[in-house]
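Below is one structure, written out as structure tokens, with a few remarks after it.
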Amino acid sequence: MKLTNFEIIYNEDRVNIPDKNRIRESLVKILGQANVSTREIDLLAYSKDASLIGNNWTIKGKIGGLPDFITWPETVNQISEILKLANGEKIPVIPYGEGSGVVGGAIPVRGGIIIDMKKFNKVLEINDKDLTVTVETGMNGMNLERYLNAKGYTCGHIPQSIYTSSVGGWIAHRAAGQFSTKYGKIEDIVIGMEVVLPQGDIIEFKPIVRSAVGPQLNKLFLGNEGSLGIVTKATLRIWPFPEKRALISYAFPTFEDSIEAIREILREQVYPAVIRIYDADETTRHFEMVEKAKDKVMVVFVCEGNARLVNLEEEITREKCEKHAGIDCGEHPVEHWFETRFRVTETSTVPPNKMIADTIEVAVSWTNVSKLYHAVVEAVQNIDGIFLITAHVSHFYPNGVGIYFSFAGVEMQDNTDFDLYKETWRVTIKTVLDSGGSIAHHHGIGINRSEWMDEEWGKSMNIMRAFKKIVDPNNILNPGKVYESIWTKGGEK
Ligand SMILES: Cc1cc2nc3c(=O)[nH]c(=O)nc-3n(C[C@H](O)[C@H](O)[C@H](O)COP(=O)(O)OP(=O)(O)OC[C@H]3O[C@@H](n4cnc5c(N)ncnc54)[C@H](O)[C@@H]3O)c2cc1C
């Protein structure tokens, strides 16, 4: 397949690089011949991430954005040199982890240089006393977790995409793992970072447990989505591998019963590592074989850690579930969840033609969760062409939850502009904002959500844009995302 066969959605926004050969030579000087590519097959490979719209574009012979150079640096100084070159020439640079992002964050919408972080793949140090691990951020998630497990630890960060995502991608999108209720999101896990700024400066946020040294600048680089700096090294919290795991499941008559039971569990300061509420439709989809859960709302729990504490957590968890009419469904549904938790066959087994599907995860307080859930389901199922809208709640805090909607539909007309897809996103996000929620819990902004950043942040968004300008005056780092909306391209409103 030749590149010329593909329509480039954001072609007119590409930054023109007049003398590509000269830039290529400079990159080769920094990285060596083997670590620079302009081969069509490589450019094509880095033109997308795992976003659903990106995949659908590919099916229809389109690509979001085409990079000009692919690079595989091996040292932080090389990254610094690439950025100095790019900044001087005003060429976009896009850090690339493993491309599992689902909001188009790594798509090179303005072209430019891809910095693939794969060669930053080493564990640098485990500190048993401080319970930390320091890693290079191109490290694959599962390789890190396996390494830790073999030494008797866990990081506790197990996203569904752990086999296909990197530590740097987690930090860039403020990721959340399946065990987040106990171990936290990645922003709770990262305690130190090394970052290369757009003009090539290398800065270090030393690993600290807590401090009182003015505003916490380091927090701005968590969730920066490759737009403020490239994170090259991170120190993460780790834990001794759990001594015991308790597998618990209950089926509840209603969504509200399950919500109340879990709210009360967390109020007792009991934090099962995994808690997942599946609404009635998702219960049918994932737990059809559990007779007691028929037409009900399934909840699975995993309590883990010190055996005595796990026993107590289990006792309190069961007490609260039974208080709210939960029916004990035993260990089997949780074992089933463990067996299937990394499978994402649903999107690959549906016929792609005219079919659209995606997931949208958002955050909301306990006060508003029920209102938001019902409002989104009702609003989305009223959209012409949508045949599925379901939800599960999978991240819990004493003050609220992260809730995850899945939708699917069929474009009614023969249009390639993804109107239905975009309409469903818009209806969902508007309903979330109207219901008091936040527009993203852990997948980030990328292309899909930038349209709503002003509504989400209000006046603070001006400060965020001003900060971006100070750190990256030439707007070279991952342009077209987070601070500006290009979402309407490739399908007008
Ligand atoms: C099937 C599936 C399941 C998923 N499950 C989860 C889940 O459970 N939890 C969750 O949080 N997410 C999940 N995701 C989303 C995705 O895996 C995460 O967003 C992940 O953190 C992206 O990591 P990556 O290395 O693939 O990043 P990429 O997709 O390569 O990049 C994502 C963004 O990070 C930037 N970036 C990458 N590396 C760096 C770096 N070193 N420094 C600065 N910026 C950088 C890129 O420029 C881009 O903007 C899932 C995705 C899929 C496809």
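Across the range 117-136, the number of residues qualifying as open to solvent by less than 20 Å² (accessible area, probe 1.4 Å) and either part of a loop (DSSP other than H, G, I, E, B) or assigned by TED's automatic domain parsing to the domain that holds Gly54 (or both) comes to 2. Which residues, counting only those in the range 36-48, are without any contact (Cβ under 8 Å) to a residue 60 or more places away in the chain and either on the phi > 0 side of the Ramachandran plot or assigned to a loop (DSSP other than H, G, I, E, B) (or both)? Answer for the range 36-48, where residues must be without any contact (Cβ under 8 Å) to a residue 60 or more places away in the chain and either on the phi > 0 side of the Ramachandran plot or assigned to a loop (DSSP other than H, G, I, E, B) (or both): Thr38, Arg39, Lys48. Count of the range 68-102 residues, restricted to those that are more than 12 Å from the ligand (Cβ to nearest atom), aromatic (Phe, Trp, Tyr) and either under 22 Å from Ile203 (Cα atoms) or open to solvent by 10 Å² or more (accessible area, probe 1.4 Å) (or both), is 1.
Number of residues in the range 442-463 that are more than 22 Å from Asp68 (Cα to Cα), within 16 Å of the ligand (Cβ to nearest atom) and not charged (D, E, K, R): the value is 7.
Checking each residue in the range 144-153 for being outside any loop (DSSP other than H, G, I, E, B), in contact (Cβ under 8 Å) with a residue 24 or more places away in the chain and either open to solvent by 10 Å² or more (accessible area, probe 1.4 Å) or closer than 30 Å to Gly88 by Cβ (or both) picks out Tyr147, Asn149, Tyr153.
I'd like to verify a number: residues in the range 434-473 that are of a type in the set (Lys, Arg) and open to solvent by less than 20 Å² (accessible area, probe 1.4 Å), how many?
2
All of Glu331, Glu288 fail the test of being closer than 27 Å to Tyr163 by Cβ and out of contact with any strand residue (DSSP E or B) (no Cβ under 9 Å at 6 or more places or on another chain), apart from Glu288. In the set (1) closer than 18 Å to Gly101 by Cβ; (2) of a type in the set (A, V, I, L, M); (3) open to solvent by less than 20 Å² (accessible area, probe 1.4 Å), the condition left unmet by Ile476 is number (1).
The set of residues in the range 221-253 being among the polar types (S, T, N, Q) and not in a strand (DSSP E or B) consists of Asn224, Ser227. A count restricted to the range 1-12 and to residues that are at pLDDT 85 or above and either open to solvent by less than 40 Å² (accessible area, probe 1.4 Å) or within 19 Å of Ile82 (Cβ to Cβ) (or both) stands at 4. Count of the range 179-212 residues, restricted to those that are open to solvent by less than 30 Å² (accessible area, probe 1.4 Å) and acidic (Asp, Glu), is 1.
Of all the criteria given as (1) modelled with pLDDT of 95 or more; (2) open to solvent by 20 Å² or more (accessible area, probe 1.4 Å); (3) closer than 30 Å to Ala357 by Cα, the one not satisfied by Arg22 is (3).
Results for (1) in a helix (DSSP H, G or I); (2) open to solvent by 20 Å² or more (accessible area, probe 1.4 Å); (3) not small (Gly, Ala, Ser), shown as yes or no for each residue.
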| position | (1), (2), (3) |
| --- | --- |
| Lys29 | yes, yes, yes |
| Thr58 | yes, yes, yes |
| Leu66 | no, no, yes |
| Gly104 | no, no, no |
| Gly111 | no, no, no |
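Yes/no matrix, rows are residues, columns are (1) farther than 30 Å from Arg267 by Cβ; (2) part of a helix (DSSP H, G or I); (3) open to solvent by less than 30 Å² (accessible area, probe 1.4 Å); (4) assigned by TED's automatic domain parsing to the domain that holds Tyr278:
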{"residue": "Val369", "(1), (2), (3), (4)": "no, yes, yes, no"}
{"residue": "Phe407", "(1), (2), (3), (4)": "yes, no, yes, no"}
{"residue": "Thr424", "(1), (2), (3), (4)": "yes, yes, yes, no"}
{"residue": "Val427", "(1), (2), (3), (4)": "yes, yes, no, no"}
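Of the candidates Val270, Val300, Val310, Val290, the single residue that is in contact (Cβ under 8 Å) with a residue 12 or more places away in the chain, open to solvent by less than 70 Å² (accessible area, probe 1.4 Å) and within 16 Å of the ligand (Cβ to nearest atom) is Val300.
Results for (1) more than 23 Å from the chain's Cα centre (by Cα); (2) within 22 Å of Asn475 (Cβ to Cβ), shown as yes or no for each residue.
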residue: Glu12; (1), (2): yes, yes
residue: Asn35; (1), (2): yes, no
residue: Lys62; (1), (2): yes, no
residue: Pro92; (1), (2): no, yes
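No other residue among Tyr404, Tyr421 is under 22 Å from the mean Cα position of the chain (by Cα), over 22 Å from Leu217 (Cβ atoms) and more than 16 Å from the ligand (Cβ to nearest atom) apart from Tyr421.
The values are calculated or read from the model by the stated rules, or taken from the named source; none is laboratory data. Fair warning: this is a prediction, and the values are worked out from it, not measured in the lab. Virtual Cβ from ideal backbone geometry, glycine too; neighbours counted across all protein chains shown. Accessible surface areas use protein heavy atoms only, side chains included; no ligands, DNA or RNA. Shrake-Rupley method; radii C 1.70, N 1.55, O 1.52, S 1.80 Å.
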